[in-house]
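Trainee: If you scroll down you'll find the structure; I have some questions about it.
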Amino acid sequence: MQLQQGDLFWGMDKGFVKKAMELAEKVSFAEGDFLFHEGDRATDFYILLTGRIKLVLGKSDKVVYMARQAGEIIGWSSLTERESYSASGQCVESASLLKIESARFLELLNEEPASGLTLFKRIATMLGNRLLELYPNA
């Protein structure tokens, strides 16, 4: 399984990327399907390949973010060792994603600290960009 250049793993050590892709399972969801619900045990994260996923908070279905770019991480709560997802992830249209078990991925990051540092810098950038979308006039 390969991702395109410009995504989450771009420029990282090829050995690390190969090991990470060995952990990934390609999954597909239909429009309206949920990847996870707010409060579910956070065990996996997803990398968007195609489609759009909305992140929703609470029962009011307030959309806090729309993932639409290939390479975006969904369910990053599991990478920060949170016990549960902080939002629900629902497909706005059919979507293909890579699903990765966070515990196994975190073990890989412990073995490859330089790649882990690069990865978490990219995640921090993604989260910062999401905040800028949420608060454009701040």
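Only the coordinates and a few stated rules stand behind these numbers; no lab work does. What you see is a predicted model; the values in this text were computed from it and never measured. Cβ: placed from backbone, ideal geometry, glycine included. Neighbour counts: every protein chain shown.
Trainee: What angle, in degrees between 0 and 90 and rounded to the nearest 10, separates the Cα long axis of helix 102-111 from the longest principal axis of the Cα atoms of the chain?
Mentor: In the chain, helix 102-111 runs at an angle near 30 degrees to the longest axis.
Trainee: Calculate how steeply helix 113-134 sits against the longest principal axis of the alpha-carbon atoms of the chain, using the helix alpha-carbon long axis, and give the answer as 0 to 90 degrees to the nearest 10.
Mentor: Once rounded, one gets 20 degrees.
Trainee: Pull up all non-local amide H partners of D44: gap of 5 or more, or a different chain, and H-to-H distance under 5 Å with H placed in the peptide plane.
Mentor: S102
Trainee: Can you list the equivalent-ellipsoid semi-axes of the chain, largest first and in whole Å, using the square root of 5 times each Cα gyration tensor eigenvalue?
Mentor: Details: eigenvalues 111, 54, 46 Å².
Largest first, the chain gives 24, 16, 15 Å.
Trainee: Between E83 and A124, what is the label-to-label distance in nm when each label sits 7 Å out along the Cα-to-Cβ direction?
Mentor: Result: 2.8 nm between the two label points.
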